[in-house]
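One structure is given here, and the rest of the page talks about it.
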Amino acid sequence: MSMSHGKNQAEQIREISGTNPLKCMKCGKCSATCPAFNEMDIKPHQFVSYVANNNVEELVKSESLWKCLSCFACVERCPRDVKPGKIIDAARQLVVRERGGSYLTADEIPELLDDETPQQLLVSAYRRYKR
Amino acid sequence: MKYSYYPGCTLKNKAKDLDAYARASAQALGFELEEIENWQCCGGVYPLGSDEIATKLSSVRALNEAKEKGQDLVTLCSACHHVIKRVNDDMKNVDDIRFRANNYLKLDTPYAGETKVVHFLELLRDTIGFDELKKRVVKPLTGKKIGAYYGCLLLRPSGILAFDDPENPKIMEDFIRALGATPVIYPYRNECCGGYISLKEKDMAKNMCDKITESASGFGADMLITACPLCMYNLNKSASKDIPVYYFTELLAEALGLKEEA
């Protein structure tokens, strides 16, 4: 299902994530359980609310896109099965799928490595940060 | 008993121990791990976007190869297990993904999630049994107080991973008991180590790993065990407490008296 250009970003986020943010009952459990909460400028529960209200301009500029760990704590513990982590990932996808939207470039890599860096770290980071 | 085996990229390089001790232990316990041919990297993280297909194909190829051999697919690395198990669930239950992945791969027979994906720990629990494992132990790790570090990838989302109770798992504690050691249960054992965040946000990963190791030490653990090379790296790199971290297979091989051979 390719993205048509006419679709607004909120719709694209819903489509990529395959979730329905309107199911949210605003209990805040996602943010309460998020290990990256302190580092996020927009918190997981706010992410859900922004997308529900079609207000996503702030989201694609948010630092939170690069702080989410995909640890699925919010997904596991959401009583309404909204999957906030998938919503954050979909916003991240919107950014990295744009030309120049990567959070990681090959040039940066050598400086970030040490003797123990597992391959798993590099492939995982590339998958999340770059298209 | 023969199983298809998917080692994954890191087990061929920085995490050779995780692989070597597992193979030696498997042989001693009477099952054979047959490495699938020409496996490709799983990608390390499951592609969350519901429109992602290409990034799931390497997992489907591995799954299909096991299917063609009529074998279960055994994994060791938490990340490979997580990715392959979730892609398998997609191929079984998500019509759109199954349809498009099969269109792309053009296999002789379409793949529809037939393969059973089994983590090495599940094999010990469900096929060998921890009671039986205990009988095979020749050098019990008596007196060692070991904290199991689960992390995220083996447990969540529990509906698909179906590995153990995601909030109060016990498979690794039962494993530790079978080896003759004492498990230490501590609150942060299923919290995230930071994962891939440690590449660019090193302080953030360090803070998270400090919480984990302080929690484990505080509850009396002398060492931690993990199944994940990235958890191992993050815990070793980032944690301020000096608590050793081992792959669970290393302790297994030690208890089975195989450590020198492996």
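What follows draws every value from the coordinates through simple rules; no lab data is involved. Note that this is a predicted model, so its numbers are computed, not measured. A quick note on method: Cβ atoms are made from the backbone with ideal geometry, for glycine too, and the neighbour counts reach across all protein chains shown.
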Notebook entry, point to check: Over all residues in A:16-29, what is the mean tally of Cβ atoms on other chains that come within 10 Å of each residue's Cβ?
Noted result: 1
Next item on the list: With a Förster radius of 35 Å, plug the Cβ-Cβ distance of residue A:37 and residue B:138 into 1/(1 + (r/R0)^6) and report the FRET value to the nearest 0.05.
Entry: 0.15
Margin query: Net charge around residue B:167, counting only other residues with Cβ within less than 9 Å of its Cβ (Lys, Arg = +1; Asp, Glu = -1)?
Written below: -1
Next item on the list: Rounded to the nearest Å, what's the spacing between the alpha carbon centres of region A:51-99 and region B:103-164? Just the number, please.
Entry: 29
Next item on the list: Shielding by partners for B:51-61, please: the mean number of other protein chain Cβ atoms within 10 Å of each residue's Cβ.
Entry: 1
Item checked: chain A: relative contact order in percent, alpha carbon pairs under 8 Å with at least 6 residues between -> 26
Item checked: In Hz, Karplus ³J(HN,Hα) per residue of region A:100-107 (6.51, -1.76, 1.60; θ = phi - 60°; x = Gly, Pro) -> x, x, 5, 9, 9, 10, 4, 4
Next item on the list: Specify the inter-centroid distance of region B:78-93 and region B:51-72, based on alpha-carbon positions, in whole Å.
Entry: 9
Note to self: Shape verdict for region B:123-262, please, from the Cα gyration tensor: rounded (a/c under 1.5), prolate (a/b greater than b/c) or oblate.
What the structure shows: prolate
Item checked: Under the Karplus curve 6.51 cos²θ - 1.76 cosθ + 1.60, θ = phi - 60°, whole-Hz ³J(HN,Hα) for region B:97-111, x wherever Gly or Pro sits -> 5, 4, 4, 6, 5, 5, 4, 6, 7, 6, 6, 4, 10, x, 8
Next item on the list: Between A:22, A:112, A:94, find the one with the highest GNM mean-square fluctuation for chain A; connect C-alpha pairs within less than 10 Å.
Entry: A:112
Check: What distance in nm separates the simple spin-label points at residue B:177 and residue A:131, each placed 7 Å from Cα in the Cβ direction?
Finding: 5.1
Note to self: 5 Å is the cut-off here: which amide hydrogens, built 1.01 Å from N in the peptide plane, fall below it relative to residue B:118, excluding neighbours closer than 5 in sequence?
What the structure shows: B:73, B:74, B:75
Note to self: Using the Kirkwood formula on the Cα atoms of region B:1-106, what hydrodynamic radius do you get, in angstrom to one decimal?
What the structure shows: 14.3
Check: Can you run phi through the Karplus equation (6.51, -1.76, 1.60; θ = phi - 60°) for region B:154-159 and list ³J(HN,Hα) in whole Hz, with x for Gly and Pro?
Finding: 7, 9, 10, x, 5, x
Next item on the list: Over the whole of A:64-72, what's the average partner chain Cβ count within 10 Å per residue? Rounded to a whole number, please.
Entry: 6
Next item on the list: Place the peptides A:61-72, A:45-56, B:79-90 in order of packing, highest mean first, counting for every residue the other Cβ atoms within 10 Å and averaging per peptide.
Entry: B:79-90, A:61-72, A:45-56
